[in-house]
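Asks: Pasting a structure here, questions to come.
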Amino acid sequence: MKKQVTIIMILFTVFMYSQKKKNGTVYNEHPAIVAVEAMQQSDIAGDSTKVATYLADDFKSYNGTSINKDDEGGNKEDFLNWTVNRAKWVSYMSLTRHGEAYPDAIEYKDGKTWVQTWDYLKGVHNGTGVKIEMPVHTLYRLNDDNKIDLVFNYNYPIGKDIRAAFNPRTNGTIYNEHENINTVRKMMAASEHGDADKGFSYFTEDATFTNLDMADGESNTLTQEKEGFLGMLENWTMESIDVVGYPDYLEYELGNAKVVQSWWSARMTRKSDGKKVKLPLMMTHRFNDEGKIIRENGYYTLAALSAK
């Protein structure tokens, strides 16, 4: 049996290696890479005259993610027009290699040379203010004269976001009275009276809490937030928490988010020396479908409580 297993493994190894077939050579330095990157920078600069020197007369470009079976692509004139127009539409453009990625030039045995790039595009659309910041992956084929004759773009369709920004649309409903607003009011009232059990009963057990004193990505659990609140009450007397303006409840269409945003003024007195502090609070509370708060974002800092 052991002998049979050994024979099978040898045959499997021979079979696997027999499937390999070299079809070209990959380079990380190549005249084709130089040509492609020079064309890219001329394109970003809006220099269509310079771009034209890198393109073959029979140049074609395609969207590599298109499912249109009749897509005829764009020709050299289309590409040059796009270069000129984009320079008018977009400011602060830059294109750099994406992180540690670098382009590859592949010389296939059939004589064709391809360059594949991984870049990062930045800019701002002038008409809408939409920020363009995205990875870009592109394949270029070059002919025997080192001219680009074929391009495939595999990129996020940022134009979709830009076109959408031209057309006003709603994204849900704003309420100034709602049961979720009532929940926030009751929660803040309980906090004013130091009733931590009641105040934190409006949150789910896995709720998270943030404020401006926390590092990006940091948050407190329900237990941590409750302990922090009770610890603060050991040193401070809560005089009042008063609403400023009125809360808004937003039911978003995108993402189906349910958010109450509210503004408050907390008046507090330090027990040790009678120092009074008025702390401005801006809060957002995200709700689940059952009317419980799942996330609190506090746009406030507790630095004032440390003042002498």
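Asks: Which one of the conditions (1) touching a Lys or Arg at 6+ places or on another chain (Cβ under 9 Å); (2) within 17 Å of HIS285 (Cβ to Cβ) does GLU239 fail to meet, given that it meets all the rest?
Replies: If we test GLU239 against (1) touching a Lys or Arg at 6+ places or on another chain (Cβ under 9 Å); (2) within 17 Å of HIS285 (Cβ to Cβ), just (2) comes out false.
Asks: Continuing with this model, one more query. Assigned by TED's automatic domain parsing to the domain that holds ALA257, in contact with a strand residue (DSSP E or B) (Cβ under 6 Å, 6 or more places away or on another chain) and outside any loop (DSSP other than H, G, I, E, B): is that true of THR183 in this structure?
Replies: When the stated conditions are applied, THR183 does not pass them.
Asks: Residues in the range 82-100 that are part of a loop (DSSP other than H, G, I, E, B) and either loosely packed, with under 14 Cβ neighbours inside 10 Å or among the hydroxyl-bearing types (Ser, Thr, Tyr) (or both): how many?
Replies: 2
Asks: List, please: which pairs have Cβ atoms under 7 Å, are six or more places apart or on different chains, and start with a residue in the range 80-94 that is touching a residue at least 24 places away in the same chain (Cβ under 8 Å) and end with one that is acidic (Asp, Glu)?
Replies: Pairs that qualify, where the first residue is touching a residue at least 24 places away in the same chain (Cβ under 8 Å) and the partner is acidic (Asp, Glu), are THR83/ASP43.
Asks: Does any residue of the range 295-306 turn out to be assigned by TED's automatic domain parsing to the domain that holds PHE209, part of a loop (DSSP other than H, G, I, E, B) and among the hydrophobic types (A, V, I, L, M, F, W, C)?
Replies: yes
Asks: Name the residues in the range 110-130 that are assigned to a loop (DSSP other than H, G, I, E, B) and either under 23 Å from ALA45 (Cα atoms) or at pLDDT 95 or above (or both), would you?
Replies: ASN126, GLY127, THR128, GLY129, VAL130
Asks: Ok, one more. Within the range 60-73, is there a residue that is part of a helix (DSSP H, G or I), modelled with pLDDT of 95 or more and within 28 Å of ALA101 (Cβ to Cβ)?
Replies: no
Asks: Moving on. Among TYR249, TYR202, which is the only one that is modelled with pLDDT of 95 or more, within 33 Å of the chain's Cα centre (by Cα) and farther than 18 Å from TYR299 by Cα?
Replies: Details: TYR249 fails: farther than 18 Å from TYR299 by Cα.
Only one candidate passes the filter, namely TYR202.
Asks: Right, next: Quick one: which of GLU107, GLU133 is part of a strand (DSSP E or B), among the charged types (D, E, K, R), touching a residue at least 40 places away in the same chain (Cβ under 8 Å) and surrounded by fewer than 18 Cβ atoms within 10 Å (Cβ to Cβ)?
Replies: Step by step, each of GLU107, GLU133 is checked, and only GLU107 is part of a strand (DSSP E or B), among the charged types (D, E, K, R), touching a residue at least 40 places away in the same chain (Cβ under 8 Å) and surrounded by fewer than 18 Cβ atoms within 10 Å (Cβ to Cβ).
Asks: Taking the range 258-290 on its own, how many of its residues are surrounded by 13 or more Cβ atoms within 10 Å (Cβ to Cβ) and part of a loop (DSSP other than H, G, I, E, B)?
Replies: Going through the range 258-290, the residues surrounded by 13 or more Cβ atoms within 10 Å (Cβ to Cβ) turn out to be 258-270, 275, 277, 279-287.
The next check asks that each one be part of a loop (DSSP other than H, G, I, E, B); those that pass are 275.
Summing the residues that are surrounded by 13 or more Cβ atoms within 10 Å (Cβ to Cβ) and part of a loop (DSSP other than H, G, I, E, B) in the range 258-290 gives 1.
The values are calculated or read from the model by the stated rules, or taken from the named source; none is laboratory data. Note that this is a predicted model, so its numbers are computed, not measured. Cβ: placed from backbone, ideal geometry, glycine included. Neighbour counts: every protein chain shown.
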